[in-house]
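The next block holds one structure in the form of C-alpha cells; read it before the comments.
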Amino acid sequence: MASAPTQPSADAQHYPKHFPNMLKSYLPSHHEAFRRVLWTGLHSQLTTITVPEGGNMVEDIQSADQTITITTGSALAQVGSRNSPRQQALRAGDMLTVPAGAPCELVNTGPMPLGVLLVTSW
C-alpha cells in the first residue's frame, strides 16, 4: 500500500519515535493531504491516509505486510484477487492485517472522510 520506503531518519536506527497524543495531533483532518508519511525506519513505515466520502484507496501489491487501523469513518475492505476478494466491513477502531503479496482496496462507505493509519513492515 505504501510507496517505496524513503530513507530512514538518522535517529531511526537507534532511538524510538514518540508521537504524543497520536489520535488528536497526528491524524489527518478532512482538509489535509491524502497521504502523509509520519516516520520511516529501517524495517517499517508509519503513514496516515485520508479517503474522501465516496472515494477509495487502491494499492499496488506490496512485498511487505501491512496493518491498517481505521481512525474515523467506515469502509469496505477487499483483500485478495480481483476474481474472489475477501470483503470485510470496517469502522473506526477496527484493525486489519494484509499479508505481503495480497492486493487491497478500501472503499469509503460512510458520510465522512475515512481516516487510516497504515503501518508497513518490510
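The values are calculated or read from the model by the stated rules, or taken from the named source; none is laboratory data. Predicted, not measured: the structure shown is a model, and the values here were computed from it. Virtual Cβ from ideal backbone geometry, glycine too; neighbours counted across all protein chains shown.
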Q: Please work out which one of (1) modelled with pLDDT of 90 or more; (2) out of contact with any Cys (no Cβ under 9 Å at 6 or more places or on another chain); (3) assigned to a strand (DSSP E or B) is the condition Arg36 fails and give its number.
A: (1)
Q.
Being in contact (Cβ under 8 Å) with a residue 60 or more places away in the chain and hydrophobic (A, V, I, L, M, F, W, C) is the filter here; which residues of segment 65-78 pass it?
A. Ile68
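Do you know which residues across segment 41-51 are without any contact (Cβ under 8 Å) to a residue 60 or more places away in the chain and surrounded by 12 or more Cβ atoms within 10 Å (Cβ to Cβ)? Before you say what the answer is, go through the steps one by one.
As a first pass, look at segment 41-51 and keep what is without any contact (Cβ under 8 Å) to a residue 60 or more places away in the chain: 41-42.
Across segment 41-51, the qualifying residue is only Gly41.
Looking only at segment 52-70, count every residue that is under 16 Å from Pro113 (Cβ atoms) and surrounded by 20 or more Cβ atoms within 10 Å (Cβ to Cβ) and tell me the total. Spell out the reasoning first.
Keep residues of segment 52-70 that are under 16 Å from Pro113 (Cβ atoms), which gives 52-57, 68-70.
Pick out the ones that are also surrounded by 20 or more Cβ atoms within 10 Å (Cβ to Cβ) and you get 57, 68, 70.
The qualifying residues number 3.
Can you tell me which residue among Ile68, Ile49 is modelled with pLDDT under 95 and either of a type in the set (D, E, K, R) or in contact with a Leu (Cβ under 7 Å, 6 or more places away or on another chain) (or both)?
Working: Ile68 fails: modelled with pLDDT under 95.
Answer to the selection: Ile49.
Can you go through Ala100, Ala92 and tell me which one is surrounded by fewer than 18 Cβ atoms within 10 Å (Cβ to Cβ) and over 19 Å from Arg35 (Cα atoms)? Please lay out each step first, then the result.
Details: Ala92 fails: over 19 Å from Arg35 (Cα atoms).
Exactly one of Ala100, Ala92 is surrounded by fewer than 18 Cβ atoms within 10 Å (Cβ to Cβ) and over 19 Å from Arg35 (Cα atoms), namely Ala100.
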